[in-house]
1. Going through segment 55-67 one residue at a time, which ones are out of contact with any Phe, Trp or Tyr (no Cβ under 7 Å at 6 or more places or on another chain) and surrounded by 10 or more Cβ atoms within 10 Å (Cβ to Cβ)?
2. Could you list, in sequence order, all residues of segment 13-47 that are of a type outside the set (D, E, K, R), modelled with pLDDT of 80 or more and open to solvent by 80 Å² or more (accessible area, probe 1.4 Å)?
3. For segment 39-67, what are the residues that are in a loop (DSSP other than H, G, I, E, B) and more than 17 Å from GLY21 (Cα to Cα)?
Amino acid sequence: MAVLVLDAEHAPAPALVWDEGAGWRTATSRRHPLARGAAVPPQGDGVRYLATGTTPPPPALVAALTA
């Protein structure tokens with residue numbers, strides 16, 4: 001897993017998370033972007049799945065984040 005905190009004033013999400021099983025997704029919190037002990041990837045308001053694979057093309061990830 002990896003977490004990238006988005007610290008801009010008008011960021012489209014508090015953080016981006018890369019999960020080996022689910023790919024890149026948004027997180028609803030900067031403090032707790034990873035679901036603790038979760039067996040399945042989180043779902044719900046504020047969580048969007050953006051891209052799969054460890055290294056998606058940056059323009060594709062940014063486009064999915066800002067869509």
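The values are calculated or read from the model by the stated rules, or taken from the named source; none is laboratory data. This is a predicted model, so every value here is computed, not measured. Backbone-built Cβ (ideal geometry, glycine too); neighbour counts: all protein chains shown. Protein only, heavy atoms only, side chains kept; ligands, DNA and RNA dropped before computing areas. Shrake-Rupley method; radii C 1.70, N 1.55, O 1.52, S 1.80 Å.
1. Matches in segment 55-67: PRO57, ALA60, VAL62, ALA63, ALA64, LEU65.
2. Correct list: THR28 only.
3. GLY44, ASP45, GLY46, PRO57, ALA67
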